Amino acid sequence: MILGVIPARLNSTRFPSKVIFPLKGKPIIEHVYEKALQSDLLSKVIVAVDSEETKNAINCQNIMMTSDKHQSGTDRVAEVANNFNCDIVVNIQGDEPGIEPLLIDQLITLFEDPNIQMASIASTDLQEDDLNNDNVVKVNLDKENNAISFVRNNLNPELIYYRHIGIYAYRKNTLNLFTSLTQSDNEKNHRLEQLRALDNNIAIKLLISDFSHRSIDVKEDLKNYEN
């Protein structure tokens, strides 16, 4: 079984109540949910909420209430995943209303390689404005497309960076290992939970794409979805 989970924390610091903010007539997270349902490879999709307000505001068939004490979206995903007999878990960020079903399937297909334990997506669409935008996470890769580092700023001009896309996939045992680890100093300092994996020698394979849609990190990002 391949499980898709969309973590929906209500109290986003940069954009409060972001997941239920209306976008083209429906909450942002409903757009993500509907896209995820179109994946050919996901067996089931769950929206993992942490408040009754979110649950009552969204029209999604599969909703699961989770703890409001989680330190990261991955911890919330793991709580849901441990209720299912699944092999692969896909963490689809609730602020990616432009996510493409085919991209989700391409990410899952990477796990045909039994050596891959965790994977994500890197886009070649990295614009000049992205380089100095702390909300846009950048990633540089080794020759096998494994992540070397993720950064928000202070880019090394000698390295090639890609724009990181907010979706992760894990084998279930790797997800449980990840969430059993304490937050690393890098993770806390950079506010990037994927650094916990790298700091504990969990390799992250990156699927390279030309995906151009942007996540909604702050309210100003809504302008990218006006047309």
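Values quoted throughout were computed directly from the atomic coordinates according to the rules given, and no laboratory measurement underlies them. Being a predicted model, the structure only gives us computed values, none of them experimental. Cβ: placed from backbone, ideal geometry, glycine included. Neighbour counts: every protein chain shown.
Please go through the residue pairs 69/223; 69/138; 172/219; 44/172; 24/172 and name each one whose alpha carbons sit more than 26 Å apart in this structure.
On the way: 69/223 32 Å; 69/138 28 Å; 172/219 33 Å; 44/172 15 Å; 24/172 35 Å.
In this structure, 69/223; 69/138; 172/219; 24/172 lie more than 26 Å apart at Cα.
Among 44, 138, 205, which one shows the highest mean-square fluctuation when the chain is modelled as a Gaussian network with alpha-carbon springs under 10 Å?
Its mean-square fluctuation being the largest, the pick is 44.
If you find the alpha carbon centre of region 119-189 and of region 57-115, how far apart are they in angstrom?
Measuring centre to centre over Cα atoms gives 18 Å.
Sequence-distant or interchain residues sharing an amide H contact under 5 Å with residue 47, placed H: which?
Close amide H contacts, sequence-distant or interchain: 6, 62, 63, 64.
Grab the Cα-Cα distance for residue 61 and residue 160, subtract it from 0.36 nm times how many residues apart they are, and report the gain in nm with one decimal.
31.5 nm is the gain from fully extending residue 61 to residue 160.
Would you mind telling me which residue in 142, 125, 113 has the biggest mean-square fluctuation in a Gaussian network model of the chain, where springs connect alpha carbons within a distance under 10 angstrom?
113
Between residue 146 and residue 17, what is the spin-label point distance in nm, taking each point 7 Å from the Cα along the Cα→C-beta axis?
The two pseudo-label positions are separated by 4.5 nm.
Along the charge dipole of region 74-119, pointing to its positive end and built from +1/-1 on Cβ of Lys, Arg, Asp and Glu, which listed residue (86, 98, 109) has its Cα farthest out?
86
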